[in-house]
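These notes are about the structure you will find just below.
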Amino acid sequence: MPLKIVQAGELVLRQRAQPLTKTQIRSRDIQGLIESMRETMREAPGVGLAAPQVGVSLQLVVIEDKPEYTKDAPPDFLKERGRKPVPFHVLANPRIVTGSEERVRFFEGCLSLKGFTAVVPRSSSVKVECLDQEGEPRVIEAAGWYARILQHEVDHLNGALYIDRMHTRTFMSVESFNQLWKDKPITEVGKLLGFER
Ligand code: ZN
């Protein structure tokens with residue numbers, strides 16, 4: 001059964017989530033939660049989901065960027081964002097150990113802010129340390145869209161949402177975005193709306 005995705009305003013989205021031990025990760029309860037989160041993310045659909053988004057204050061994230069999500073996107077659009085498919089995987093207790101100084105700006109959304117989007121600056125690459133689905137230590141080096149997903153999900157575990165980091169003047173409904181801004185280069189978006197804040 002897919003779980004209910006909580007929306008901004010729920011306290012759990014603003015709390016620091018609890019870390020997990022290797023034993024906890026391998027337990028039936030957490031493995032079951034991972035399965036439910038996978039199902040919930042796919043049904044949404046989304047490319048990442050953090051446990052607080054299903055009302056559980058644990059440092060657990062699932063990520064998957066399926067090829068079918070981008071099969072109709074123009075190659076230039078994907079290239080600009082560095083977006084490539086990412087197979088399903090689990091991160092527990094993730095920590096960003098290094099993030100590039102270089103920031104990239106793109107529209108970003110969140111399943112817990114349904115119907116809205118905004119331009120959010122993010123490091124273009126990151127190095128993340130975490131435990132995997134078996135509770136084994138892993139180091140992930142990511143760039144492009146995958147790096148953005150990781151930063152977005154790690155924020156969730158620290159009680160942060162993209163609205164804390166966005167250029168506020170670019171905040172808009174997905175409906176307006178699709179009608180007016182979807183095909184505009186990000187530099188033009190900046191010129192027209194302003195990135196000052
Ligand atoms: Zn989110």
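The values are calculated or read from the model by the stated rules, or taken from the named source; none is laboratory data. Remember, it's a predicted structure, so these values are computed and weren't measured experimentally. When we count neighbours, we look across all protein chains shown, and the Cβ atoms used for this are built from the backbone with ideal geometry, even at glycine. We work out accessible area using only protein heavy atoms, side chains counted, and drop any ligands, DNA or RNA first. Shrake-Rupley method; radii C 1.70, N 1.55, O 1.52, S 1.80 Å.
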Would you point out which residue out of Ser27, Ser112 is under 21 Å from Gln133 (Cβ atoms), out of contact with any Cys (no Cβ under 9 Å at 6 or more places or on another chain) and among the small types (Gly, Ala, Ser)? Ser27
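Quick check on my filter: what residues within segment 160-171 are farther than 21 Å from Gln53 by Cα, open to solvent by 20 Å² or more (accessible area, probe 1.4 Å) and either of a type outside the set (Ser, Thr, Tyr) or within 11 Å of the ligand (Cβ to nearest atom) (or both)? Give the steps one after another, and end with the answer.
Initially, segment 160-171 is screened for residues farther than 21 Å from Gln53 by Cα, giving 167-170.
Applying the additional criterion that residues be open to solvent by 20 Å² or more (accessible area, probe 1.4 Å) yields 168-169.
Passing the criteria: only Arg169.
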Just a yes or no: is a residue in segment 162-171 free of Cβ contacts under 8 Å to residues at least 40 places away in the same chain, assigned to a helix (DSSP H, G or I) and of a type outside the set (Phe, Trp, Tyr)? yes
Could you check how many residues of segment 37-68 are of a type in the set (Val, Ile, Thr) and assigned to a strand (DSSP E or B)? 3
Those residues of segment 174-183 which are open to solvent by 70 Å² or more (accessible area, probe 1.4 Å) and either in contact (Cβ under 8 Å) with a residue 12 or more places away in the chain or among the basic types (Lys, Arg) (or both), in sequence order: Glu175, Lys182
With the structure loaded, tell me whether Leu20 is in a loop (DSSP other than H, G, I, E, B) and away from the ligand (no atom under 16 Å from the Cβ) or whether it fails that test. yes
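Kindly indicate whether Leu157 is closer than 21 Å to Gly9 by Cβ, crowded, with 16+ Cβ neighbours inside 10 Å and among the hydrophobic types (A, V, I, L, M, F, W, C). Steps first, answer last, please.
Working: closer than 21 Å to Gly9 by Cβ: yes; crowded, with 16+ Cβ neighbours inside 10 Å: yes; among the hydrophobic types (A, V, I, L, M, F, W, C): yes.
So Leu157 fits the description; yes.
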